[in-house]
Amino acid sequence: MIITALDYKNTDDALAFVEKIDPSLTRLKVGKELFTRAGPELVEKLQTLGFDVFLDLKFHDIPNTVAGALSVAASMGVWMVNVHASGGPRMLEAARKAIPVAGKSGGTKLIAVTVLTSMDDTELNRVGVQLSAEKQVASLTQLAIDQGLDGVVCSAREVALIRTIAPDSFLTVTPGVRPASAQVNNDDQRRVMTPAEAIRAGSSYLVIGRPITRADNPLESLQQIHSQISS
Ligand code: C5P
């Protein structure tokens, strides 16, 4: 239930970190910076090493383009991909068709970003959204549910709200998690929760970056987070 954000600038640094950890303790999130630099070869390498990969490219485009990009991602065998829910119902429908619902034997999970946590009510207003951020999150989550997506990326603070409208199987993937014992400060994250709090709130997967990637001993850091969650 932990996804480590592999926020490195190049393949060598990413692989040097990966050598220190274990696929039984974490999945890996590859985002725009690393993917733009390292490309599909790195994703394949991580999978060969036994890791499930969340390809965090947050696609947002016309339905046909998003569907095409997702088909390629799925053909790489990644565990999870995402799109912006604000691309609208037809885009989400095309996305779902490009990536059929993952069966028991696996398949790629498709989740949606609702409102970027960097945006507040004022900024949403500037892009023409009159609803509060919270109401917009609820509205876009409903859209993702209606189009049969597997879940959303959201702040741990929004999980409780999402749980009131989503089926139990709907996944919530939450960044902004800081273990009580983190060797680093909160960095640029503001509204943080501990892993145990996030799981208690109903989060399915915790996205954690620097507390693991910058720890002196990443493996130990992962083990500690697991034991904090299970206690
Ligand atoms: O190092 P840290 O734990 O803050 O990393 C969190 C990861 O989650 C980063 O890859 C960041 O881009 C991502 N993220 C986030 N907040 C969001 C969405 C994604 O921190 N709302």
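Structure data summary
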| read-out | value |
| --- | --- |
| Considering residues of segment 1-32 that are over 15 Å from Thr213 (Cα atoms) and not charged (D, E, K, R) only, the residue surrounded by the most Cβ atoms within 10 Å (Cβ to Cβ) | Met1 |
| Subset of segment 80-105 that is closer than 18 Å to Asp52 by Cα and touching a Phe, Trp or Tyr at 6+ places or on another chain (Cβ under 8 Å) - its residue that is surrounded by the fewest Cβ atoms within 10 Å (Cβ to Cβ) | Met80 |
| Residue in segment 30-39 that is at pLDDT below 95, in contact with a strand residue (DSSP E or B) (Cβ under 9 Å, 6 or more places away or on another chain) and closer than 29 Å to Leu222 by Cα present | no |
| First in segment 175-201 and of a type in the set (S, T, N, Q) and more than 13 Å from the ligand (Cβ to nearest atom), second anywhere and modelled with pLDDT under 80 and not in a loop (DSSP other than H, G, I, E, B), Cβ under 9 Å, 6 or more apart | none |
| Hey, Pro218 within 16 Å of the ligand (Cβ to nearest atom), surrounded by 20 or more Cβ atoms within 10 Å (Cβ to Cβ) and over 18 Å from the mean Cα position of the chain (by Cα) or not | yes |
| So His60, is it surrounded by fewer than 18 Cβ atoms within 10 Å (Cβ to Cβ), touching a residue at least 24 places away in the same chain (Cβ under 8 Å) and under 19 Å from the mean Cα position of the chain (by Cα) | yes |
| Tally of residues being in contact with an Asp or Glu (Cβ under 9 Å, 6 or more places away or on another chain) and away from the ligand (no atom under 12 Å from the Cβ) across segment 1-13 | 2 |
| Where a residue in segment 66-84 is under 12 Å from Ala98 (Cα atoms) and its partner, wherever it lies, is in a loop (DSSP other than H, G, I, E, B) and of a type in the set (Ser, Thr, Tyr), with Cβ under 9 Å and at least six apart | Leu70/Thr108; Ala73/Thr108; Ala74/Thr108; Val81/Thr108 |
| Pair list, Cβ < 6 Å and 6+ apart or interchain, from segment 33-56 residues that are surrounded by fewer than 21 Cβ atoms within 10 Å (Cβ to Cβ) to residues that are of a type outside the set (A, V, I, L, M, F, W, C) and assigned to a strand (DSSP E or B) | Asp52/Arg27 |
| Selected residue [on the phi < 0 side of the Ramachandran plot, at pLDDT below 95, crowded, with 21+ Cβ neighbours inside 10 Å and of a type outside the set (Val, Ile, Thr)] from Ala144, Ala156, Ala160 | Ala156 |
| Selection within segment 21-32 - within 17 Å of Met76 (Cα to Cα) and either in contact with a Pro (Cβ under 7 Å, 6 or more places away or on another chain) or free of Cβ contacts under 8 Å to residues at least 60 places away in the same chain (or both) | Leu28, Val30, Gly31, Lys32 |
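Yes/no matrix, rows are residues, columns are (1) farther than 23 Å from Tyr8 by Cβ; (2) at pLDDT below 95; (3) in contact with a His (Cβ under 8 Å, 6 or more places away or on another chain):
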{"position": "Gln130", "(1), (2), (3)": "yes, no, no"}
{"position": "Thr172", "(1), (2), (3)": "yes, no, no"}
{"position": "Gln189", "(1), (2), (3)": "no, yes, no"}
{"position": "Ala201", "(1), (2), (3)": "yes, yes, no"}
{"position": "Ile229", "(1), (2), (3)": "yes, yes, no"}
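The values are calculated or read from the model by the stated rules, or taken from the named source; none is laboratory data. Because the structure is predicted, anything quoted here is derived from the model rather than measured. Cβ: placed from backbone, ideal geometry, glycine included. Neighbour counts: every protein chain shown.
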